[in-house]
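The values are calculated or read from the model by the stated rules, or taken from the named source; none is laboratory data. Nothing here was measured: the structure is a model prediction, and the numbers come from that model. Note that each Cβ is placed from the backbone with ideal geometry, even for glycine, and that neighbours are counted across all protein chains shown.
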Amino acid sequence: MERLCVACYFRAEKYSCDEVRRYYDKMILHMVEGLGIEGYQAHNFDGLLKLQKNHNLTHIFIAQTEYEENSSYYEDLTKDIQVVIIADRDFLLSGNSRLLVIRKPFFALSVVNLLNGEVKENGFEEAQAAGRRPFSCVGAHVLVVDDEEMNLVVAKGVLGSYGIQVDTCLSGREAVERCKKVSYDIIFLDHMMPGFDGVETLRQIRAIDNGVYQDLPVIALTANTISGAREMFRNEGFTEFIPKPIERTVLERVLRKVLPKHCIEYHAAPVDDSGQTEEAISEKSTEKESASKETIEPEPENAPPSLDSLTQVGINVNMGLEYCSGEADFYLEMLDMFCGQYAEKRDELKELYQSANWKDYSIKVHALKSTSLTIGAEELSDCAKKLEAAGKKEDTEYIRKNHDALLDLYEKVCRGIGK
C-alpha cells in the first residue's frame, strides 16, 4: 500500500457537536496511520480541490450527503480516481455508476479490502447490481409545481415513466388550493418562483387543516446546487431536494427514500447498462425490424432537426437525451417547446431589464438556466447562471454588459434548433 494516497472528505460543520467532529477526525487519522498509507482530510469542497491539486490521490472517501450535493462531479472524477461513498444501508447508486459504496456501520477490514481491490469481499458488485433493478411506483399520486411549463412537461414525463400519477400547476397559490382538495403522496416544489416562492408555498401547505400535511414529503426542485444546500432546504422545512434538470439517479434515490415501501414495486427483469430491461430491448428491436419493412416516406419540409445538426450548433445532444429519459421523440418535443417559448421569454427578459426589476429578472434567467440545460444548451445555461448571480447582487454593471449577449445567444440556439 506504499503508493496509495487517500483523501477523506466530510463537512464538519454539519455536526453541531464538537465531540462528534473530533471523533470522526480521530477515527480517520487512526485508520490512515494504522494502514501505513498517505492520507489527508478535507472539511469543505475547496479543501478537497486543493488536495487533488497538491497530491497524487488514488482514492477519495466521501460522506453520502457530500456526494449527493455534487454527484455529477464525483461520477466524472472516477475516470482518474477511485471514489468511495460512506453511505446509509438503503443507499443505491445507478447501474452505470463507477463509484463504490461502503455502508454504515463499517469496519477497517472493509477499507482494507477495498484498497486491495478485493471488492467482492464487501459485496460491492451485489450493491451495484441492486442499483440496476428497475422499479415502478404504481398508485403513487404526486404534484409538481413549477412556474416554467417546460419543466413541468419534463417532470411529468420522467415521473410518469415510473407509473406515477402526476398533477402539475404553474404557481404556488394554485398548489396550495390543489392541496386543499387532493391528497398527494409527494409534492415536488420549485424553490424559486415569482409571487409565492417555494418556501412560502411550503409554509402554507404545511398549515392546511391545522397541519394535516406536516409529514407530507415535499421535495425542493432547484437549479442552484450550492454546498450545504441539503441542510438549507431541510431548515426551511423541505424533506429533500433534487437539482434541476432532474437526473434519474437522484430521483430514484429520493423516491426510494420517501415513498412507503408498498409503493415501490421492484421488477425481476435484468437491465443493460443503459437501464433498459431485456424485454424493452426486445420490443424495440421488434419495432425496428417491423419499421424497416415498411415503405420509407420522405421527410416533410418542416421535419424536426436531426440530432447531428444540433451538435453542429453547440448543443450537447447526449445531455439533452439523458434529461429526457433517453427518448429521442420526447427530446425533440422539448426542443420544439423551447423554441416555441422563445419570443415570449425574450420579451419578458427585455421588459424586466428595461424596468430594472432585478429580482424578477433573476427569477427569469434562473428559469432559462434550467430549461436550456435540459436541452443540452450548456453555453446558454452558463450565461444565464452568471446573470442570475449578478441579478441577485444587483450588479447592474455586469447585467448591462452581458444582457444583450444572452439574448443573442438565446436567438442563436433557437435558430440552430429550427434549421
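I'm trying to understand the selection: among the residues of the stretch 174-189, which are assigned to a helix (DSSP H, G or I) and either in contact (Cβ under 8 Å) with a residue 24 or more places away in the chain or among the acidic types (D, E) (or both)? Let's see the steps before the verdict.
Going residue by residue through the stretch 174-189, those that are assigned to a helix (DSSP H, G or I) are 174-181.
E174, A175, V176, E177, R178, C179, K180 - these are the residues of the stretch 174-189 that are assigned to a helix (DSSP H, G or I) and either in contact (Cβ under 8 Å) with a residue 24 or more places away in the chain or among the acidic types (D, E) (or both).
Taking the options Y410, Y342, Y353, name whichever one is crowded, with 16+ Cβ neighbours inside 10 Å, of a type in the set (S, T, Y) and either assigned by TED's automatic domain parsing to the domain that holds D197 or free of Cβ contacts under 8 Å to residues at least 60 places away in the same chain (or both).
Values: Y410 fails: either assigned by TED's automatic domain parsing to the domain that holds D197 or free of Cβ contacts under 8 Å to residues at least 60 places away in the same chain (or both); Y342 fails: either assigned by TED's automatic domain parsing to the domain that holds D197 or free of Cβ contacts under 8 Å to residues at least 60 places away in the same chain (or both).
None of the others qualify; the one that does is Y353.
Applying the set (1) of a type outside the set (G, A, S); (2) at pLDDT 85 or above; (3) not assigned by TED's automatic domain parsing to the domain that holds N402 to E289 leaves exactly one unmet item: (2). Scan the stretch 52-69 for residues that are surrounded by fewer than 19 Cβ atoms within 10 Å (Cβ to Cβ) and not basic (K, R) and the total you get is 8. Of all the numbered requirements in (1) modelled with pLDDT under 50; (2) closer than 18 Å to K156 by Cα; (3) among the small types (G, A, S), A280 misses one, and that requirement is (2). Can you confirm whether the stretch 328-336 contains a residue that is closer than 23 Å to E394 by Cβ and crowded, with 22+ Cβ neighbours inside 10 Å? So far as the stretch 328-336 goes, no, none of its residues is closer than 23 Å to E394 by Cβ and crowded, with 22+ Cβ neighbours inside 10 Å.
Is it the case that some residue within the stretch 105-120 is among the basic types (K, R) and either at pLDDT 85 or above or buried (at least 19 other Cβ atoms within 10 Å of the Cβ) (or both)?
Of the stretch 105-120, the ones among the basic types (K, R) are 120.
Keeping just the survivors that are either at pLDDT 85 or above or buried (at least 19 other Cβ atoms within 10 Å of the Cβ) (or both) gives none.
For the stretch 105-120, residues among the basic types (K, R) and either at pLDDT 85 or above or buried (at least 19 other Cβ atoms within 10 Å of the Cβ) (or both): absent.
Determine whether the stretch 195-207 contains at least one residue that is at pLDDT below 80, crowded, with 16+ Cβ neighbours inside 10 Å and of a type outside the set (K, R). Within the stretch 195-207 (the criterion being at pLDDT below 80, crowded, with 16+ Cβ neighbours inside 10 Å and of a type outside the set (K, R)), the answer is no, since none of the residues qualifies.
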